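The values are calculated or read from the model by the stated rules, or taken from the named source; none is laboratory data. As the structure is a prediction and not an experimental result, all values here were calculated from the model. So basically every Cβ, Gly included, is an ideal-geometry build from the backbone, and we count neighbours across all protein chains shown. Heavy atoms of the whole protein, side chains included, go into the accessibility calculation; ligands, DNA and RNA do not. Shrake-Rupley method; radii C 1.70, N 1.55, O 1.52, S 1.80 Å.
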Amino acid sequence: MASDLAHQFSDRSLSSEADPLAAVLASLDYIVLERGGDGAFHLRGTAPQWFASVYGSDIKSAIAGSPFLSCFVNEIALPFWQAAPAAPVRSGIWTEVDEQGEQHFEAIAMNSANSPPLLVIQSLGLRYEEIQMLTQRANENALEHRQLGREVQKKDVLLKCIVHDLNNPLGAVLLNLEVLAMSNDEEVQGAALLALEAARRQRSLIKSISEVFSSDLSRLGRDRECAEEVSELVRGAAYVVNMHLNQALRRSVSILLEDGLTGSVSGNRKVSGELEPFVRAVENLVLNALRYAPRDSTVTVRIAAQEKGIQVQVEDNGPGVEPNLISGLFDPFIQGTTNQGAMGLGLYFCRMTVEQWGGAIRYDQAPGGGARFVFTLPWVVTDAHNSDGS
Amino acid sequence: MSKQIKKKICLIGSFGVGKTSLVSKYVKGIFSEKYLSTVGVMISQKAIQLPDCEVLLMVWDLAGEDDFQGLRLSFIKGASGVLFVADGTRSETLQLTQQHIDRLGEFYSDIPTLLLLNKADLKDRWEITDAHLNDVESRVEVFHTSAKTGENVEDAFSRITEMMISPEERAMEAFL
Ligand SMILES: Nc1nc2c(ncn2[C@@H]2O[C@H](COP(=O)(O)OP(=O)(O)OP(=O)(O)O)[C@@H](O)[C@H]2O)c(=O)[nH]1
Ligand SMILES: [Mg+2]
């Protein structure tokens, strides 16, 4: 390419004795035309090879014969030369089609202080391919972006419809089950309580589906900045444990909260997080543990301080997670072989919740072989804390 | 043999709406699924034989850009007709066209215009509401076209040609 250019350059510098600059321009595939007082154009220096092959040798008919060039000269360049501003005006790219295929050009109208108005035309050659590719890529990206946006929107609408349709009858189901649960007939009462529990689980699942899959990303950014006192979170965890004590007892499972924070120095520090989603995340893990906990076992919720933040563990003595499921455990819609489907989104919800606060969640095998879910939330460093701690 | 009348038509519309495809279908009878973005301006020609004269259409296919001013507006100079093109599957391209129609009206209020609502073969994916369509139709004559099937492509170009050539002009040409 470079040697090619040098070759052309030497060729042309031979043919242009008078104006070496014009020869350089020609070698760069520019043609420079000068507009005389009579309005006719005259070649300045050398014409590059493309010019004759596209437009022939007669400059006047060349311009008249190109609808684009004559439009540019008459409608844009002429008023420009008359007004004589300093900055040149460009035509933008245009394409001429002939037997050799497509060729691409750009024209520039210029004024110069000591010479007549100039019309410079450049053949773009390979540079056109680059410009075309960039334009194409930008347009395709914009189209793709739009397409994705539409898909997300459709998904949101669908989700809202599903959530709405699932939630509506559930209200009535819960209300009637609560009435049945007050029955004097023990058998009816027992069945109603079981059904009630399942219906409540369903309601919380629906709630987390709509939260996790809502594409309102502005929420995410905001949550990163929220901070909660550790003592509040301990209270939240205790609330979850108490909420599910009875349910657990019916299966002879006990739930234990090991609180390593209350009363400690860390008790009034803050971590990144927010009470309500925190409670739902812990509840998801506890419900999950209860589902797998065998009779006469214990589900343990542990909260402790660490160097970088707090750690929350939820542990059961069940069978643990099947090894082949561990890697995708926190992806949406993962299902163990024995669960009833509620797990599909619960762990994904936990992950999204914890990660949006800058925390992390993982699965460990509990020492006795059960499942242990562990998540961490980072300390929020406040000025108050810095001055306290020093 | 009567004389040939030259007429310039410009196609204006967002990128990807099918301007190049419409021209290619009309001039060469070819449609390609592959998208090749136009850069700048590309001019095609097509001769049409009318009963009393021959018209040579110079069809200016302008790259789809969302703004419509400066140079692009200058290229309209000397045009006898403007075809606005929007993509029925992307409602925002129609909104943009409405702005372009207003803008053209400010500078060249008496150029005949048509709106080609393209990709009519994908009507099940169109995003244009009837209300929107009625609103547009009250301002400009609309053709539902498909560069893919050819639906209404000839008709739209014939219609704009008819609008561009006044009866006097025809009579004149026939007389000469
Ligand atoms: N199904 C369908 N596809 C079409 C139709 N017209 C154009 N397309 C497709 O839409 C894409 C864009 O078409 P183009 O004709 O290149 O669009 P354009 O308006 O010239 O785009 P720019 O040059 O970027 O301004 C291509 O993939 C075409 O195949 C149509 O009527 N129906
Ligand atoms: Mg195009």
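If contacts are Cα pairs under 8 angstrom and at least 6 residues apart, what is the relative contact order of chain B in percent? The partial results should precede the final answer.
Numbers: 312 pairs, mean separation 47.0, N = 176.
With pairs under 8 Å counted, the relative contact order is 27 percent.
Approximating the spin labels as points 7 Å out from Cα along Cα→Cβ, the residue A:360-to-residue A:165 distance works out to 4.1 nm.
Please give the charge dipole size of segment A:2-124, origin at the Cα centre, charges +1 on K and R Cβ atoms and -1 on D and E Cβ atoms. Round to the nearest 20 debye.
Numbers: 5 positive and 14 negative charges, 82 e Å.
Rounded to the nearest 20 debye, it is 400 debye.
The phi torsions of segment A:81-87, fed into the Karplus equation with coefficients 6.51, -1.76 and 1.60 and a -60° offset, translate into couplings of 5, 5, 6, 6, x, 6, 6 Hz, rounded to whole numbers, with Gly and Pro shown as x.
Evaluated with a Cβ-only charge set (Lys, Arg +1; Asp, Glu -1), the protein assembly as shown carries a dipole of roughly 540 debye about its Cα centre, given to the nearest 20.
If you build the convex hull over the alpha carbons only and average its shadow over all orientations, what do you get for segment B:1-90? Give it in nm² to one decimal. Before the final figure, lay out the partial values.
Numbers: hull surface 26.7 nm².
Mean projected area of the Cα convex hull: 6.7 nm².
Rounded to 0.05, the FRET efficiency of the residue B:95 and residue A:194 pair, given R0 = 56 Å and the Cβ-Cβ distance, is 0.50. The residue list A:101, A:167, B:14 was ranked by how far each Cα lies along the charge dipole of the protein assembly as shown toward its positive end, using unit charges on Cβ atoms, and A:167 comes out on top. When all alpha carbon pairs of the protein assembly as shown are counted in 20 Å bins from zero, the resulting P(r) reads 16, 31, 21, 22, 10, 1 %.
Looking at the protein assembly as shown, what % of its DSSP beta bridges pair antiparallel, to the nearest 5?
Details: 56 of 86 bridges.
In the protein assembly as shown, DSSP labels about 65 percent of beta bridges as antiparallel.
Identify all lysines with a Cα-Cα distance to residue A:308 below 24 Å; exclude those on the same chain that are fewer than 8 residues away in sequence. Candidates past the 8-residue exclusion: A:270. Max-minus-min Cα coordinates of chain B on each principal axis give 49, 35, 32 Å, with the largest extent listed first.
If each DSSP helix of 4+ residues adds -39,500 (n - 2.57) and the sum is divided by the residues in the protein assembly as shown, what number results at 222 nm, nearest 500 deg cm²/dmol?
Values: 20 runs with 260 residues, N = 566.
About -14500 deg cm²/dmol.
Placing a pseudo-label 7 Å from each Cα along the Cα-to-Cβ vector at residue A:127 and residue B:31 gives an inter-label distance of 3.8 nm.
Extension gain, residue A:83-residue A:229: 0.36 nm per intervening residue step, less the Cα-Cα distance, totals 45.5 nm. Partners of residue A:160 within straight-line reach, counting aspartates and glutamates whose Cα lies under 12 Å from its Cα and excluding those fewer than 8 residues away in the same chain: A:211. In summary, the lysines within cross-link reach of residue B:6, defined as a Cα separation below 30 angstrom excluding same-chain residues under 8 places away, comprise A:60, B:19, B:25, B:28, B:46, B:77, B:119, B:148. A full extension of the chain between residue A:28 and residue A:276 corresponds to an added length of 82.5 nm, given 0.36 nm per residue minus the alpha carbon distance. Evaluated with a Cβ-only charge set (Lys, Arg +1; Asp, Glu -1), chain B carries a dipole of roughly 660 debye about its Cα centre, given to the nearest 20.
Compute the FRET efficiency between residue B:48 and residue A:150 as 1/(1 + (r/R0)^6), taking r as their Cβ-Cβ distance and R0 = 51 Å, and round to the nearest 0.05. Once the sixth-power term is evaluated, E becomes 0.85.
Could you compute the longest span of chain A free of GluC sites (Glu not before Pro) located in DSSP loops and having at most 13 other Cβ atoms within 10 Å, not counting the site residues?
Details: sites that count: A:17, A:99, A:225, A:307.
Formally, the longest exposed-site-free interval is A:100-224.
Can you pull the percent of Cα pairs in segment A:226-390 with separation above 28 Å? Let's see the in-between values first.
On the way: 2714 of 13530 pairs.
Across segment A:226-390, Cα pairs with separations above 28 Å total 20 percent.
One way to sum up the overall shape of segment B:38-87 is the equivalent ellipsoid from its Cα gyration tensor, whose semi-axes run 25, 12, 10 Å, largest first.
In this structure, the amide hydrogen of residue B:38, modeled 1.01 Å from its nitrogen in the peptide plane, lies closer than 5 angstrom to those of B:64, counting only residues at least 5 positions away or on a different chain. Taking the Cα centre of the protein assembly as shown as the origin and placing charges on Cβ (Lys, Arg +1; Asp, Glu -1), which of A:348, B:152, A:191 is farthest toward the positive end of the dipole? Checking the options against the dipole of the protein assembly as shown, the answer is A:191. Considering segment A:2-124 at the alpha-carbon level, its Rg and Dmax are found to be 14.4, 42 Å.
Give me the Å³ per residue figure for the convex hull around the C-alpha atoms of segment A:129-222.
Values: hull volume 10.0 nm³, N = 94.
Measuring per residue, one finds 106 Å³ for the Cα hull of segment A:129-222.
How big is the A-B contact in terms of buried accessible area, both chains counted, 1.4 Å probe, rounded to the nearest 100 Å²? Display every interim value, and only then the final one.
Numbers: alone 22030 and 8980 Å², together 29060 Å².
Buried area (both sides, nearest 100 Å²): 1900 Å².
Proximity of backbone amide H atoms, modeled 1.01 Å from N, is registered between residue A:258 and A:301, A:302, A:303 at under 5 Å, excluding neighbours fewer than 5 places apart on the same chain.
Each Cα pair under 8 Å and six or more residues apart adds its separation to the average, and for segment A:44-172 the resulting relative contact order is 13 percent. For the residues of A:128-137, the average number of beta carbons from a partner chain within 10 Å of their own beta carbon is 3.
Rounded to whole Å and ordered largest first, report the semi-axes of the equivalent ellipsoid of segment A:90-135 derived from its Cα gyration tensor (root of 5λ).
Working: eigenvalues 131, 34, 11 Å².
That gives 26, 13, 7 Å for the three semi-axes.
Farthest toward the positive end of the dipole of the protein assembly as shown, out of A:134, B:30, B:60, is the Cα of A:134, where the dipole comes from beta carbon charges about the Cα centre.
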